[in-house]
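**Q** The structure that follows is given in the form of structure tokens.
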Amino acid sequence: MLFLAVFCGFLAEYYLEHKIEHNREKQFIESLIRDIEADTAQLSIIKGFRIARLSTIDSLNNYLAKNNSATISLRGIQLLEHLKGHVSFYQNSGTLDQLKNSGGLRLIRKRHIVDSIQLYDQQIKRMVLRDLYETEEMRYAVRLSYKMVDGVRLSNIYADTNYYYNNTLRTDASKTIAFKSQDAGEYLNSLATYRFVVMSNMLLQQSMRKMAEHLLVLIKKEYHIK
């Protein structure tokens, strides 16, 4: 009887331990789903940014390719300004980092789910590196734009607060400032490279979004989560 009581106690403890681990596994999985869903939402936003950025690059190409004068209009300046800035991707990796740092991946019993999660994480990191390269190309193009435009005159324009609040002024084709057209060739070459990088990264992010959506479907199906 004593042996039976000890054995039953052992079974109860074993069952309780596994129940706790299964509950933790489900909690981690649900949290991971939320992180991946946040990633996909972020990717959608960045896609919109890149589409707008490609449009700006094309407009700049068309404008500068036709501009052979020693001046540039405020419309051209506005196009140059629109090329500044970048929307970067930041992975929602809180749950995955916790799983990796605490050895929590062992809680996920389904090996193919673990493999898919790790592959997704690797591809995300690759995409982030490509994103940094895109940022550098943007900065290089912006630095070249400074060489083409009369900085003193441009500073005077920026000093007028009406410039930022009067869209008619900012797009006025009749108002011009000095422009070094001899530097436009190098700038246009940088735009071509930048455009290629933006397009390549947009295609990569589209692929990553499909991977994320597939991973979500796989996880929800395996864990019966709606």
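**Q** Using θ = phi - 60° and the Karplus form 6.51 cos²θ - 1.76 cosθ + 1.60, what ³J(HN,Hα) does each residue of segment 111-122 get, whole Hz, x for Gly and Pro?
**A** Here the 3J(HN,Hα) series is 4, 5, 5, 4, 4, 5, 5, 5, 5, 4, 4, 5 Hz.
**Q** Whose amide H sits under 5 Å from the amide H of PHE179, counting only residues 5 or more places off or on another chain, with H placed in the peptide plane?
**A** THR71, ILE72
**Q** About its Cα centre, how strong a charge dipole does segment 71-164 have in debye, to the nearest 20, once Lys and Arg get +1 and Asp and Glu get -1 at the Cβ?
**A** 480 debye
**Q** Additional query: Please arrange TYR194, TYR63 by accessible surface area, largest first, computed with a 1.4 Å probe and ligands excluded.
**A** My answer, sorted largest first, is TYR63, TYR194.
**Q** Cut-off under 30 Å on the C-alpha distance; same-chain residues fewer than 8 positions from LYS26 excluded. Which lysines are left, in chain and number order?
**A** LYS100, LYS110, LYS125, LYS210, LYS220, LYS221, LYS226
**Q** Hey, what's segment 84-226 come to in accessible area per residue, 1.4 Å probe, Å²?
**A** In whole numbers, segment 84-226 has 59 Å² accessible per residue.
The values are calculated or read from the model by the stated rules, or taken from the named source; none is laboratory data. None of the values given here were measured: they were computed from a predicted structure. Glycine gets a Cβ as well: all are built from the backbone with ideal geometry, and neighbour counts include every protein chain shown. Heavy atoms of the whole protein, side chains included, go into the accessibility calculation; ligands, DNA and RNA do not. Shrake-Rupley method; radii C 1.70, N 1.55, O 1.52, S 1.80 Å.
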